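Written below as structure tokens is the structure these notes are about.
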Amino acid sequence: MTDTSFTPPGRVPAPRHGSLITLDARTKKRNAAEKRFRMYGIAAIATGLIFLTVLLSAIIANGKGAFQQTFITTQVFFDPAKLDKNGDRNIDDIKKVSTFGYTPLLHNAIFAEVTDRGIETPLTKASEMKALISASAAAQVRDAVIANPDLIGETVEFRILASSRVDGYLKGRVSRESVIRDKSIDAEHLDLTDALADAGVIEKRFNLSFITGADASESRAEQAGMGVSILGSLFMMLVVLVLSLPIGVAASIYLEEFAKQNRWTDLIEVNISNLAAVPSIVFGILGLAVFIQFAHLPQSAPLVGGLVLTLMTLPTIIISTRASLKAVPPSIRDAALGIGASKMQSVVHHVLPLAAPGILTGTIIGLAQALGETAPLLLIGMVGYIASNYPDGIASGFLDPNSAMPAQIYEWAKRADPAYYERAWGGIIILLVVLLSMNLIAIILRRRFERRW
């Protein structure tokens with residue numbers, strides 16, 4: 001045995017300077033370095049929060065106008081001489097009157113509002129009211145008459161869409177200086193808009209049709225909505241969920257629990273990791289070649305989009321599922337095997353339930369990533385398709401051409417009318433809300449399963 005406190009003869013221990021209470025220069029330097037490191041971390045977090053705040057503020061500021069729309073409330077007289085010349089209320093004859101036959105009725109209704117309220121304007125003809133009214137208003141009124149022919153001969157109050165220029169003027173998107181070069185509207189119409197707004201004829205309201213409506217042509221930006229593209233994204237996500245979850249979980253269970261470690265499994269694991277880093281547009285090219293050109297599936301269909309996004313999502317689900325399976329303690333497997341359970345029983349009844357929170361979280365994150373992808377949809381034709389009609393049923397929802405939320409946003413952003421630019425920002429808000437909802441569902445499911453086990 002040795003005594004560590006023993007001092008050999010002739011040696012005098014070096015005197016210790018200072019004490020444990022007093023900090024020496026080296027300790028002060030180390031503490032200062034740690035303090036600087038903490039400050040760097042706080043500064044990085046603060047910088048990220050600032051950029052996030054600026055981004056969200058820009059999205060909300062530019063997109064909130066899409067959730068409001070300008071409407072004109074007016075009394076429309078359905079002239080029987082123009083809508084039902086025979087007077088027999090034959091629905092076939094009524095349907096023969098196109099929207100061009102209803103447009104003068106709307107012009108007369110707006111002009112009557114101006115005259116009855118004594119509004120002074122240099123616009124002296126009913127036809128000059130055209131710049132105030134949306135091109136879709138005539139179709140709205142025509143549909144109402146076809147649905148109820150008894151309206152002919154009556155004066156009915158309608159709330160119709162104002163034109164995108166009028167809507168932009170009331171939202172500050174269109175100025176009097178910009179209309180000098182605009183052929184669709186002029187300063188006299190803006191003066192009339194102010195007068196009608198003061199009289200309560202023109203007003204802004206919440207635009208529910210932006211959420212539930214369909215896309216429109218470039219000349220009818222005020223009518224465009226996200227509803228059909230939201231439904232297209234829903235059908236695509238159903239395809240991704242039905243295919244990627246069972247395939248991804250089954251592949252992960254085999255690789256993690258049953259496969260032997262050899263060169264083939266190593267090669268598969270490396271390829272899965274590499275596929276997770278492949279650019280999404282490559283999957284779009286693959287989907288175009290395999291599903292459309294080879295399998296001849298319909299172009300722009302949510303089914304094809306779902307198949308492409310399934311290929312892109314599978315590596316993410318497999319990696320997250322394997323990580324969740326690895327996180328289950330080996331003692332759980334040993335205990336199950338020790339009481340007589342088979343390998344499959346130990347995995348299904350013990351390992352999988354414990355790994356379920358991580359599996360669900362990885363799956364929903366993979367779905368959220370797929371939901372926001374645009375590049376693969378561009379290759380299969382979803383970008384550029386005007387999703388103007390809802391599908392007739394479930395089968396048509398999967399097989400008929402449609403769009404998706406990111407593709408719809410991309411399409412709106414490249415159109416010339418500034419109203420579509422505003423709607424693109426509004427579409428981003430809807431997309432972010434959907435993504436946040438999916439992440440919230442992932443958190444709720446994870447906590448629920450964690451409590452259970």
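The values are calculated or read from the model by the stated rules, or taken from the named source; none is laboratory data. All figures in this text were calculated on a predicted structure; none of them were measured in a lab. Note that each Cβ is placed from the backbone with ideal geometry, even for glycine, and that neighbours are counted across all protein chains shown.
Condition check: over 15 Å from the mean Cα position of the chain (by Cα) and either closer than 15 Å to Leu234 by Cα or at pLDDT 85 or above (or both). Does Gly372 satisfy that? It is false that Gly372 is over 15 Å from the mean Cα position of the chain (by Cα) and either closer than 15 Å to Leu234 by Cα or at pLDDT 85 or above (or both).
State whether the residues of the stretch 259-267 include one that is part of a helix (DSSP H, G or I) and either in contact with a His (Cβ under 7 Å, 6 or more places away or on another chain) or under 25 Å from Gln345 (Cα atoms) (or both).
Scanning the stretch 259-267 turns up at least one residue that is part of a helix (DSSP H, G or I) and either in contact with a His (Cβ under 7 Å, 6 or more places away or on another chain) or under 25 Å from Gln345 (Cα atoms) (or both).
Let's see how each residue does on (1) part of a helix (DSSP H, G or I); (2) polar (S, T, N, Q); (3) modelled with pLDDT of 90 or more:
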residue	(1), (2), (3)
Met1	no, no, no
Pro13	no, no, no
Lys28	yes, no, no
Ile45	yes, no, yes
Ile60	yes, no, yes
Thr70	no, yes, yes
Gln75	no, yes, yes
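For the stretch 337-349, the tally of residues that are surrounded by fewer than 20 Cβ atoms within 10 Å (Cβ to Cβ) and either closer than 18 Å to Ala251 by Cα or outside the structural domain of Phe235 (by TED's automatic domain parsing) (or both) stands at 5.
Filtered by the rule that a residue be of a type outside the set (Gly, Ala, Ser), closer than 21 Å to Asp182 by Cα and within 35 Å of the chain's Cα centre (by Cα), the stretch 117-150 gives Lys130, Leu132, Ile133. Here Leu231, Leu192, Leu208 are screened, and the one residue that is out of contact with any Cys (no Cβ under 9 Å at 6 or more places or on another chain) and farther than 21 Å from Ile72 by Cβ is Leu231.
Screening Gly393 on (1) surrounded by fewer than 19 Cβ atoms within 10 Å (Cβ to Cβ); (2) under 23 Å from Ala368 (Cα atoms) shows it passes everything except condition (2). Do we find a residue being out of contact with any helix residue (DSSP H, G or I) (no Cβ under 9 Å at 6 or more places or on another chain) and of a type outside the set (Phe, Trp, Tyr) anywhere in the stretch 58-70? Looking for residues that are out of contact with any helix residue (DSSP H, G or I) (no Cβ under 9 Å at 6 or more places or on another chain) and of a type outside the set (Phe, Trp, Tyr), one finds none in the stretch 58-70, hence no.
Taking Pro353 as the residue in question, decide whether it is closer than 20 Å to Phe258 by Cα, more than 24 Å from the chain's Cα centre (by Cα) and either buried (at least 21 other Cβ atoms within 10 Å of the Cβ) or modelled with pLDDT of 85 or more (or both). Spelling it out, Pro353 is indeed closer than 20 Å to Phe258 by Cα, more than 24 Å from the chain's Cα centre (by Cα) and either buried (at least 21 other Cβ atoms within 10 Å of the Cβ) or modelled with pLDDT of 85 or more (or both). Inside the stretch 152-184, residues that are surrounded by 17 or more Cβ atoms within 10 Å (Cβ to Cβ) and in a helix (DSSP H, G or I) make up a count of 9.
The selection criterion, being surrounded by 13 or more Cβ atoms within 10 Å (Cβ to Cβ) and over 20 Å from Asn207 (Cα atoms), holds for Ile110. Looking at Glu177, Glu157, just one residue is touching a residue at least 60 places away in the same chain (Cβ under 8 Å) and in the same structural domain as Val97 (by TED's automatic domain parsing), and that residue is Glu157.
Here Met382 fulfils each of the conditions (1) modelled with pLDDT of 85 or more; (2) surrounded by 19 or more Cβ atoms within 10 Å (Cβ to Cβ) apart from (1).
Exactly one residue out of Thr310, Thr361 is among the polar types (S, T, N, Q), closer than 20 Å to Gly397 by Cα and in a helix (DSSP H, G or I), and it is Thr310. Is it true that Leu354 is over 30 Å from Pro406 (Cβ atoms) and either in contact with a strand residue (DSSP E or B) (Cβ under 8 Å, 6 or more places away or on another chain) or not aromatic (Phe, Trp, Tyr) (or both)? Yes; evaluated as a whole, the condition is true for this residue. Restricting the stretch 113-128 to residues that are of a type outside the set (Asp, Glu) and free of Cβ contacts under 8 Å to residues at least 12 places away in the same chain, the residue that is surrounded by the most Cβ atoms within 10 Å (Cβ to Cβ) is Thr115.
Could you list, in sequence order, the residues of the stretch 275-290 that are surrounded by fewer than 22 Cβ atoms within 10 Å (Cβ to Cβ) and in a helix (DSSP H, G or I)? Of everything in the stretch 275-290, those that are surrounded by fewer than 22 Cβ atoms within 10 Å (Cβ to Cβ) and in a helix (DSSP H, G or I) turn out to be Leu275, Ala276, Ser280, Ile281, Val282, Ile285, Leu286, Leu288, Ala289, Val290. When the stretch 211-223 is filtered for residues that are touching a Phe, Trp or Tyr at 6+ places or on another chain (Cβ under 9 Å), over 22 Å from Thr74 (Cβ atoms) and either part of a helix (DSSP H, G or I) or assigned by TED's automatic domain parsing to the domain that holds Ala112 (or both), only Ile211 remains. Put simply, of Tyr421, Tyr410 the only residue that is surrounded by 20 or more Cβ atoms within 10 Å (Cβ to Cβ), in the same structural domain as Pro302 (by TED's automatic domain parsing), aromatic (Phe, Trp, Tyr) and outside any loop (DSSP other than H, G, I, E, B) is Tyr410.
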